[in-house]
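The values are calculated or read from the model by the stated rules, or taken from the named source; none is laboratory data. What you see is a predicted model; the values in this text were computed from it and never measured. Every residue, glycine as well, gets a Cβ built from its backbone with ideal geometry; the counts of neighbours run over all protein chains shown. Side chains are part of the model used for accessible areas, which takes the heavy atoms of the whole protein and leaves out ligands, DNA and RNA. Shrake-Rupley method; radii C 1.70, N 1.55, O 1.52, S 1.80 Å.
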Amino acid sequence: MTKEQTTDIIKILLVDDHAIITDGLRSVLNAQEAYEVVGTVNSAEEAIKFLDRASVDLMVSDYSLPGMDGLGLVRYTKKSHPNLKIIILSMHRESHLVKEILKEGILGYVLKDDPAQELLQAIEKAKGGKVYLSDDINKMLIESLHFQQDQKLFSDREREILKLIAQEHSSKQIADILFISERTVESHKRNMMKKAGTNTSIGLVNFGYQNNLI
């Protein structure tokens, strides 16, 4: 039976800014009778445009994207396309990031260095509305349970500082407003930049807006 004759084909959109990734995934998925990659895009903004004009059952997206990141894309599409099934395929394995995006209702989280079979299993689970996490992600989440304080994307103090950075206050001004040392402000700022994957204040503020942290 050819793919054209097969019923219930799962139409898949791939979102990643590395062509080598989308080309490889397209090849793997199109080799399966039940799957068809109907589009590949390199940003969240392009994904949103594609979803508005095409029929898609499942989206496989990276977390790190230019412009709006994967978390922002998931939040947007959950509102505009509530029936769309979403799997994240990423290099990120930090517990605070994984937990934050799992809360948004995705059906799978797989690492890019996992075997292709992990992604295929995630898609099969997603078809039935079940969540699939790769072995390494499961291990990481179990290990994170040993921490007494649940990790959030940014702590309450970090969010306070981020809001003041967005208002163009200097580190010294922020320290005076929050009654903490300037060194403490700089330490929080470095930690936030590391989590956000940026080394500039502008990039940090953009990350904050994209992830509803401001």
What per residue convex hull volume, in Å³, do the alpha-carbon atoms of the range 102-183 yield?
152
Note down the magnitude of the dipole of the range 29-134 about its Cα centre, charges +1 on Lys and Arg C-beta and -1 on Asp and Glu C-beta and zero elsewhere, to the nearest 20 debye.
420
Quick one: pull the percent of accessible area on the chain belonging to carbon and sulfur, 1.4 Å probe, ligands and nucleic acids left out.
50
Mean Cβ count within 10 Å, highest first, over the residues of peptides 62-71, 197-206
62-71, 197-206
Taking +1 at the Cβ of each Lys and Arg and -1 at the Cβ of each Asp and Glu, which of 121, 50, 181 sits farthest along the dipole of the chain towards its positive end, judged by Cα position relative to the Cα centre?
181
Once you have all Cα-Cα distances for the range 86-127, histogram them in 10 Å bins from zero and send the whole-percent values.
30, 56, 13
Heavy-atom accessible area per residue, the chain, 1.4 Å probe: how many Å²?
54
Can you give the FRET efficiency for residue 187 and residue 103, using 1/(1 + (r/R0)^6), R0 = 45 Å, r = Cβ-Cβ distance, to the nearest 0.05?
0.95
Ranking 184, 77 from most to least accessible area with a 1.4 Å probe gives 184, 77
Calculate, in whole percent, how much of the Cα-Cα pair population of the chain lies beyond 25 Å.
44
Give the ranking of 188, 18 by solvent-accessible surface, highest area first, calculated with a 1.4 Å probe.
18, 188
Distance (nanometres) between label positions extended 7 Å along Cα→Cβ at residue 49 and residue 156
4.2
If contacts are Cα pairs under 8 angstrom and at least 6 residues apart, what is the relative contact order of the chain in percent?
13
Helix-only CD estimate at 222 nm, as mean residue ellipticity for the chain, using -39500 (n - 2.57) per DSSP H run (n ≥ 4)
-15000 deg cm²/dmol
Could you state the per residue volume, in Å³, of the convex hull enclosing the Cα atoms of the range 15-77?
73
Taking only the Cα atoms of the range 24-140, how large is their convex hull per residue, in Å³?
99
